[in-house]
1. Ignoring everything but the protein chains, give the 1.4 Å probe accessible area of TYR144 in square angstrom, nearest 10.
2. When ligands, DNA and RNA are left out and all protein chains stay put, how many square angstrom of accessible area per residue does segment 98-253 have with a 1.4 Å probe?
3. State the label only: which of [x] 1.01; [y] 1.06; [z] 2.70 corresponds to Cα Rg over 2.2 N^0.38 Å computed from the shown model?
4. Rounded to whole Å and sorted largest first, list the principal axis extents of the Cα atoms in segment 310-382.
5. In this model, which of LYS245/LYS273; LYS297/LYS382; LYS238/LYS377 are farther than 28 Å apart at the alpha-carbon?
6. Whole Å is fine, so just give me how far the alpha carbon centre of segment 285-312 lies from that of segment 183-249.
7. Lysines near LYS327 by alpha-carbon distance under 22 Å, same-chain residues fewer than 8 away left out - which ones?
8. Identify the GluC sites (Glu not before Pro) of segment 172-268 meeting these criteria: DSSP loop state and at most 14 other C-beta atoms within 10 Å of the C-beta.
Amino acid sequence: MKKKLALFLTGIFAATLLIGCGNSTESNDSNESNEESAGSGVTLTLYGNADDLAKPYMTKIIDLYEAESGNKIDVQGLDTNNAETIALTKFTTGDIPDLYIHFGNSNLLNFNCEENFYDFTEAEWVSDINETVLPQTKVNGKIYGLPFWEASISGCFYNTKIFEDQGLSVPTTQEEFDAICDKLVEVGIQPIYLAASDAWPILYQYAFDPIFSGDDGTKLIEQLNSNTITYSDIPQIKDMLNWFKKAAERGWFGESYMTDTWDYTSEVLGEGKAAMMFCWDTWFDTDFDNDSYTYKKDDFGLMPVFMGTIDDGTFEGPNVNLMMVNKNGENVETALEFIKFMADPYNYNKAFEGIATTPVFKQQTTNTPSIQYNKAKDLIDKLGNASVAQPQIIGFSQTEGGKAIQELMSGNITVDECLKRLDEDRIATLESFKK
């Protein structure tokens, strides 16, 4: 899947406190409103990003449900570029659908989950969710939606042929990775392609995940979100910034990284213009034109990301969309039946058959993992961390944080000034919740 790195839209936070409970109507009142006439089933409304709702596994699970149940899913795709803002406006005015799909991230706080969405924390299917996915489903510790999405494992792509030609092995420590980068520069090969011009491809969230994993990491997130500590109080974040500064100074991103864009990623990797890139494993299946370049997708492996925060590297688990139920709607029971249908292994395996994805569910078997995932699975199992920073730290922004790191790598600000910028952007968003 082409991973969607959610941007924290600070402009919509002011509307947060305006979102109240949806119109509460007993589900068995009458067959008016969304209920169809007797014998013709129930129509459930579904809002979501139009592109997300058009995914083949989404359309397939809906078709399967409609054929088996006799009910209808009225899919209302929202404009891709403004879906979240449109949805927030609808929720604010009480226009809340039976079903809503949204990425599992801290933007969900805008939608007043406790008041508006059904709590699935105790649902049977929760135990079927893979551990790398589970944190994506939680808002304030509760599960408000079924993860139903493409999944990917993020790491560092490397050109296996370039590595073989240069006598390089997959590094096992930060020191070894840095040494590889230096050696590649010495022989005239750009080590890493970093589309820094677009800011978000800096992907510093990968370096954050190990910091915020486990019970200790959860406590750090709680402290950040309660504004009792700052990024400045976490030494590993400064270590990460020092690594980016060093990498830029030593030429590990090449000479033009500040003007490099994501649009040229396929060409750069395919023509061997750089040996490595930080990315998600299904990218070769979804974005790479395999027949156009010298190097094919089989020529690339996936190794851990080394960004200065953890010595043995890390892989990041997926970011996923959640299917949520309006708990105050007229068709709650029918909507819950739809979720149960989606969570049935038989049904989701039919929907994801042949889809290039790592498994979201423990019993998911019909998907097609990437070549890179299959080859690195043992290492991924050992070093993988769930994506926790981006979805759970209020105010985390891939783009705004990337812009601050741009300034650092350009020499316009110091490490301490960059750290302050990261904190200021995060705290400004956090403070908006109190207004």
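1. Roughly 10 Å² of TYR144 is accessible to a 1.4 Å probe.
2. On a per-residue basis, segment 98-253 sits at 37 Å².
3. Working out Cα Rg over 2.2 N^0.38 Å from the coordinates points to [x].
4. 52, 29, 15
5. Values: LYS245/LYS273 22 Å; LYS297/LYS382 24 Å; LYS238/LYS377 30 Å.
As for pairs spanning more than 28 Å Cα to Cα, those are LYS238/LYS377.
6. Taking the Cα centre of each part, segment 285-312 and segment 183-249 sit 19 Å apart.
7. The qualifying lysines are LYS72, LYS90, LYS138, LYS142, LYS340.
8. Details: sites: GLU175, GLU176, GLU186, GLU222, GLU249, GLU255, GLU267; in loops: GLU255.
Here the sparse-neighbourhood loop sites are GLU255.
The values are calculated or read from the model by the stated rules, or taken from the named source; none is laboratory data. No experiment lies behind these values; they were computed from the predicted model shown. Glycine also receives a Cβ, built like all others from the backbone with ideal geometry; neighbour counts cover every protein chain displayed. Areas reflect the complete protein model, heavy atoms only, side chains present, ligands, DNA and RNA absent. Shrake-Rupley method; radii C 1.70, N 1.55, O 1.52, S 1.80 Å.
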